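Below: the structure, in structure tokens.
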Amino acid sequence: MVTQSSDRADARSGAAAWARPPVLAGYTYAPDEAYRARDADRLLAIRLETNRTCNLRCRYCYAESGVDADAVAPYEVLVDRVDQAYELGAASIVVIGGGEPTIHPRFRDLIDYIHRRGMVPMVFSNGLAIDADLAGFLFDRGASVMTKLDSLRPDRQDYLAGMAGAYDRIRRGLDHLLSAGFDRPDDPGRLRLGASFVSCRLNRDEIADIWRFCRQRRIFPNMEVLTPTGRAKESLPDQGLETGEIQQYKFGLLDLDREEFACDWLPYTPLAGSGCLQHLYSLYVTLEGNIRPCAPTKFDEHPALQVNGTYPYNTNVMTLREIHASSLFRYVRHIDAHLEGKCGGCEHLDECIGCRGYAYAVGVNAGKPPRVALRGECLQCAKPAAGTTTP
């Protein structure tokens, strides 16, 4: 069980022994780099869906992928999207799948192509298909890999993944990545291996254990909050954490990092230990070519953003450059100027804009228009409202 910090977040700068935690190469970018890219109208990355097929059926999946899905993007289409991102300055391609990308029939060709173009292939994978050979291939192509680790308990991981035996196969994949050298990066400040876990009521009692497990093995801990979108709305309707619970474990993780790993970070950001500023410098490309700001910000599914019944911001209709330059996505990139509630004018805007995907999902579920939902106050934030103090 994590405990709350007694001195809270704003004592961050006091101890010279504390350092910023490492980033995951190709996935997270420093705030100053993110804002420079935004102000230069440059992309740093895209999130690229490759296939809806998946060897798991996770109960929280935003894309509702699974073994019964059959949508796969043609390799030539994926390469074209990579090329368009490269022309906009992208330094990395986050191959996020939409399903499980490693089972795309030309997954290795895609990774090899991204690498040859001089960009970092950053792969999200549940780990089930990663054997020693694939781990070595990814390592040699300069890839970063984010695997899955929702629980250290087999029964919980199997339940959340929607398949018996998932835990054992996830751990085998992780072991292959470790054996290939992913836990020994050339730069200790730029890790090559991460583990993503979705925090909810089912695993909240082991969040600190998962975090420590990652830090001890030089694995980037990617702690996400269960978002009420996709399959989670039906499969895990009562498993979301309240703001106070999120606040408690973030301050607990900050204490843990300070005491055990000499790390310091702002606990108000949506990803504990690292901010999420992807709306400033990234675009999310769905399997069908629809462009979103991020995965749960499903602009393409909202009727208010359709023209004659069709979502226009699609790479089959417009170029990525045209979409990036559009008024809608320019609004997204400058969302820091439009934020409401305690996010508006926050003193931490230089490194945090809140979780825009969570704000959007909650907002549209409540009937708000897309732009209004996107700029809403971040409901995960632990920062006290103006005129109050943290107890």
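The values are calculated or read from the model by the stated rules, or taken from the named source; none is laboratory data. These numbers were taken from a predicted model, which means no experiment stands behind them. Positions of Cβ are generated from backbone atoms using ideal geometry, with glycine treated the same way; all protein chains shown enter the neighbour counts.
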Task: Members of segment 254-292 found to be part of a helix (DSSP H, G or I) and among the polar types (S, T, N, Q), listed by number - done: 278
- [ ] Can you tell me which residue among 286, 319 is surrounded by fewer than 21 Cβ atoms within 10 Å (Cβ to Cβ), of a type in the set (Val, Ile, Thr) and closer than 27 Å to residue 40 by Cβ?
- [x] 319
- [ ] Pull up segment 348-365, narrow it to residues that are free of Cβ contacts under 8 Å to residues at least 60 places away in the same chain and more than 20 Å from residue 29 (Cα to Cα), then point me to the one that is surrounded by the fewest Cβ atoms within 10 Å (Cβ to Cβ).
- [x] 363
Task: Selection from segment 105-129 of residues that are surrounded by fewer than 22 Cβ atoms within 10 Å (Cβ to Cβ) and in a loop (DSSP other than H, G, I, E, B) - done: 105, 106, 117, 118, 119, 129
Open item on the list: Given (1) within 20 Å of residue 135 (Cα to Cα); (2) surrounded by 20 or more Cβ atoms within 10 Å (Cβ to Cβ); (3) in contact (Cβ under 8 Å) with a residue 60 or more places away in the chain; (4) not acidic (Asp, Glu), identify the lone condition not met by residue 185.
Closed with: (2)
Task: Yes/no for residue 287 being among the hydrophobic types (A, V, I, L, M, F, W, C) and modelled with pLDDT of 90 or more - done: yes
Open item on the list: Considering only segment 163-180, I want to know if a residue exists there that is surrounded by 15 or more Cβ atoms within 10 Å (Cβ to Cβ), among the β-branched types (Val, Ile, Thr), touching a helix residue (DSSP H, G or I) at 6+ places or on another chain (Cβ under 9 Å) and at pLDDT below 95.
Closed with: no
Open item on the list: For a quick check of your reading: which helices (runs of 4 or more DSSP H) sit entirely within segment 293-391 and have at least 2 residues that are touching a Gly at 6+ places or on another chain (Cβ under 7 Å), polar (S, T, N, Q) and on the phi < 0 side of the Ramachandran plot?
Closed with: none
TODO: Being in contact with a strand residue (DSSP E or B) (Cβ under 8 Å, 6 or more places away or on another chain) and assigned to a helix (DSSP H, G or I) is the filter here, so list the residues in segment 176-212 that pass it.
DONE: 177, 178, 207, 210, 211
